[in-house]
Amino acid sequence: MTNQELYDLIACFERSSLGTLKLSRQDFSIELSRGGGTAPAGNAPIPAGVSAAPAPVESPAVTAPLVGAFYTAPAPDQPPFAPVGAHIKKGQTVCLIEAMKMMSEVLAPCDCVIEAVLKADGELAAFGEPLLRYQPC
């Protein structure tokens with residue numbers, strides 16, 4: 001979650017009538033609750049558990065365009081399309097998703113270097129789920 005998204009969330013919470021708000025993501029969790037005192041508008045204190053330090057920037061990910069089985073290579077005896085550290089060109093196949101006996105190629109969104117493969121070969125991938133992390137070139 002970016003700092004701007006965090007500030008927007010806090011602003012929405014302040015405008016709402018909610019007493020408590022809890023939000024959890026894969027590697028991020030925040031809990032906001034109303035205190036007894038009030039602060040002047042625009043000078044709201046940062047709620048407990050929220051750091052004013054910038055959040056670490058997570059690399060973008062190639063996400064699953066549909067639900068299906070994830071495959072890193074065209075066949076079990078073939079090398080992977082995009083191993084970690086590989087330099088990939090925009091539009092190049094990085095993996096396959098099999099759904100209903102049909103193979104769909106997942107393409108690189110830009111020229112990039114693969115940083116991590118997030119799913120195991122043959123593992124089920126949900127729509128929108130991150131499959132590979134990459135660093136744009």
Quickly run through region 87-117 and pick out the residues that are part of a loop (DSSP other than H, G, I, E, B), surrounded by fewer than 16 Cβ atoms within 10 Å (Cβ to Cβ), on the phi < 0 side of the Ramachandran plot and not charged (D, E, K, R).
GLN92, CYS110
Based on what the data block shows, is ALA61 at pLDDT 95 or above and surrounded by 15 or more Cβ atoms within 10 Å (Cβ to Cβ)?
no
Positions within region 59-86 being among the polar types (S, T, N, Q) and part of a loop (DSSP other than H, G, I, E, B), in sequence order:
SER59, THR72, GLN78
Which residue pairs have Cβ atoms under 7 Å apart, sit 6 or more places apart or on different chains, and have a first residue in region 16-41 that is under 23 Å from THR2 (Cβ atoms) and modelled with pLDDT of 75 or more and a second that is among the aromatic types (Phe, Trp, Tyr) and surrounded by 12 or more Cβ atoms within 10 Å (Cβ to Cβ)?
LEU21/PHE13; LEU32/PHE13
When you check ALA82 against the structure, is it in contact with a strand residue (DSSP E or B) (Cβ under 9 Å, 6 or more places away or on another chain) and either closer than 16 Å to PRO130 by Cβ or of a type in the set (D, E, K, R) (or both), yes or no?
yes
How many of the residues in region 126-136 are within 14 Å of the chain's Cα centre (by Cα) and in a strand (DSSP E or B)?
6
Among (1) closer than 22 Å to GLN26 by Cβ; (2) assigned to a strand (DSSP E or B), there is one condition ALA120 misses while meeting the rest; what is its number?
(2)
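The values are calculated or read from the model by the stated rules, or taken from the named source; none is laboratory data. Because the structure is a prediction, the values reported are computed rather than measured. Glycine also receives a Cβ, built like all others from the backbone with ideal geometry; neighbour counts cover every protein chain displayed.
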